[in-house]
Amino acid sequence: MTQQASLAALQERIAAVNDVLNAASVLTWDSRTMMPAGGAETRGHQIATLTRLARDTLLAPETERALEVAERAITDLAEDAAERRIVKQTRHAVDHHKRIPALLIQERAALRTVAQAAWIEARSKSDFSIFSSYLARTVELSRAYADCIGWSEHPYDAMVSIYEPGETAASLKALFSELRSGLLPILDIARSRPEPRSDFLFRDYPEEGQRAFGLKLAEKLGYDFQRGRLDTTVHPFEVSFTRNDVRITTRYNRNYLPASLFGTAHETGHGLYEQGVDPAYTRTTLATDLVGLYAVGGTSFGAHESQSRLWENHIVRSRGFWERHFPELQKHFPDQLGDVSAEEFYRAVTRVEPGFIRVEADELTYDFHIMLRVDIECALMDGSLPVGELPEAWNAVIRRDLDLVVPDDAHGVLQDVHWSTGYIGSFPTYTIGNVMGAQMMDALRMQKPSLDAAIEAGEYSALAEELRSRIWQHGRRFMRDELLERETGRRLDPAPYLAYLRGKYAL
């Protein structure tokens, strides 16, 4: 049997897994955008059944036989060959899921949809008690999951490994310590300066105008609407059903324009990554998270966040972007922005002002929100923080780090969707994304001196092509640090990120 034929049988099995996971993702997308509230319980069972089917297909004897044949066929290939990575990653996922009882996977999947519905209600009523029992069960199942995966230092290590392989509670503590010491002096300088005018951001901005500009914004950055769409949700997200159907969402606040602008830019970055995966990897291991059982092409959540945070902050939150595109925004809102200049708008959307909401946080305080969540997740996982005491613990840390008094649960512990979807262990990937995105931009600027001129001219395709060839096309072929070493010469390094923030906010 030829090497190609030996791999074909395995590819067929993984394609089936990918198809089932994509079907589950369609149901998830619908549950967050269009499904009536009454459908939550049955939808949870539907998604759970599909997740169980994907896992059973992965662990079926036919998959094991195909995997064994493929393992014998790739011994002469280079370590980083795509075929070799497909086989090795499939073996890792199979070994992982053999340790996890099927009923545990199914229960976690079923809980997500009903927990999310409870979270939506709790958030709308600003009442944590509505959601607390669902979160308690989520934590309980996460501890059981971590024990099945295995851990030695901290149960959080097992959960982080699902989203960001290689990171642990200890490694994150070291990273956060370095970032905290670097961020605080920059924050002090930025907050000592006069506050810019920002009253116009809170005027009345009808949703139709925000959506119209958001569609143009995503298209300017390179998002392909022939293979995607923009919808409305409670908490913005991106989801892909292969590179040929990648959907993004945002939310609209009539009295705070930046929420949709930067939410759309952020999710566009995610969408560009998924749309940029090599077509040859469609329905393969290199476009499927077989460990987490998600149909996703990005190599890790942190790598994915690096692209969303890069486009959101380095591009759309830049002075050059608004010098070029503010007149178009004014055309959508002539009455609201007629008395505002491009420079005033830029200063307003980059002002440093600690706030309650993570997704609306400025660049200097954003990572403090992430550190808070990671500390809480660690405490929930090791049992040192009971779920019932979570709101008080949250509010105390916000007071300590940002000197703010949380007014209600909606502005505090209920603001993020992640815990309702079972994503304990994913929050650190936002800060990892900030660091990785800055590291990539730093390297690109040194390697491609003409890139800044193209960006200033509004030719974002130049940056997109660099990222496509260096990051996106590889899908899950290379690990995060492998990508960084290939493109920047070193592993994850916070120095470029701190230098970027220092240059933007402290000089």
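Just so you know, all these numbers are worked out from the coordinates, no wet-lab data involved. Keep in mind that this is a model prediction, so the values were computed, not measured. All Cβ positions, even for glycine, are placed from backbone atoms using ideal geometry, and neighbour counts span all protein chains on display.
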TODO: Arrange the following residues from fewest to most other Cβ atoms within 10 Å of their Cβ: 21, 201, 27.
DONE: 27, 201, 21
Task: Set of the stretch 457-489 residues, backbone N closer than 19 Å to the point 7 Å along the Cα-Cβ line of residue 323 - done: 457-463
Task: Net length gained if the chain between residue 77 and residue 461 were fully extended (0.36 nm per residue, minus Cα distance) - done: 134.8 nm
Task: Contour minus Cα-Cα distance for residue 384 and residue 64 (0.36 nm per residue) - done: 111.1 nm
Task: Where only C-alpha atoms are counted, convex hull volume of the stretch 234-390 per residue in Å³ - done: 148 Å³
Open item on the list: Quick check: the angle from helix 61-73's long axis to the longest principal axis of the chain, C-alpha only, nearest 10 degrees?
Closed with: 90 degrees
Task: Between helix 258-275 and the chain: long-axis angle, C-alpha atoms, 0 to 90°, nearest 10 - done: 30 degrees
Task: Inter-site label distance for residue 396 and residue 491 at 7 Å from Cα along Cβ, in nm - done: 3.4 nm
Open item on the list: Based only on other Cβ atoms within 10 Å, what is the fewest-to-most ordering of 154, 97?
Closed with: 154, 97
Task: ³J(HN,Hα) computed for each position of the stretch 396-405 - Karplus, 6.51 cos²θ - 1.76 cosθ + 1.60, integer Hz, glycine/proline x - done: 5, 6, 4, 5, 5, 8, 10, 6, 10, 9
Task: Value of Rg/Rh across the stretch 141-184 [Cα atoms, Kirkwood radius] - done: 1.10
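So if I take the alpha carbon set of the stretch 164-296, get Rg, then get Rh from the Kirkwood formula, what is the Rg over Rh ratio?
Expressed as Rg/Rh, it is 1.07.
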- [ ] Treating each Cα of the stretch 369-507 as an identical point scatterer and ignoring solvent, apply the Debye formula and state log10 I(q)/I(0) at q = 0.11, 0.13, 0.18, 0.21 Å⁻¹.
- [x] -0.59, -0.77, -1.06, -1.21
Task: For the stretch 48-164, alpha-carbon Rg over 2.2 N^0.38 Å - done: 1.36
TODO: With +1 on each Lys and Arg Cβ and -1 on each Asp and Glu Cβ, and nothing else charged, work out how big the dipole of the stretch 57-208 is about its Cα centre, in Debye to the nearest 20.
DONE: 280 debye
- [ ] Name the shape class, rounded, prolate or oblate, that the alpha-carbon gyration tensor gives for the stretch 169-505, where a ≥ b ≥ c are the square roots of its eigenvalues, rounded holds for a/c under 1.5, and otherwise prolate holds if a/b is larger than b/c and oblate otherwise.
- [x] rounded
TODO: Using only the Cα atoms of the stretch 246-332, build the gyration tensor, take square roots of its eigenvalues as a ≥ b ≥ c, and label the shape rounded, prolate or oblate: rounded if a/c is under 1.5, else prolate if a/b is larger than b/c, else oblate.
DONE: prolate
Task: Debye, to nearest 20: dipole size of the chain, +1 on Lys, Arg Cβ, -1 on Asp, Glu Cβ - done: 460 debye
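Restricting to lysine pairs 8 or more places apart or on different chains, what number in the chain have Cα atoms under 26 Å apart?
So the count works out to 7.
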Task: Packing-based exposure ordering (other Cβ within 10 Å, fewest first) of 419, 311 - done: 419, 311
Task: Nearest 10 degrees, 0 to 90: helix 102-125 Cα axis against the chain principal axis - done: 20 degrees
Task: Cβ-Cβ FRET estimate between residue 219 and residue 469, R0 fixed at 25 Å, reported to 0.05 - done: 0.75
Open item on the list: For the stretch 115-219, which GluC sites (Glu not before Pro) pass both filters: DSSP loop (anything but H, G, I, E, B) and at most 16 other C-beta atoms within 10 Å?
Closed with: 153
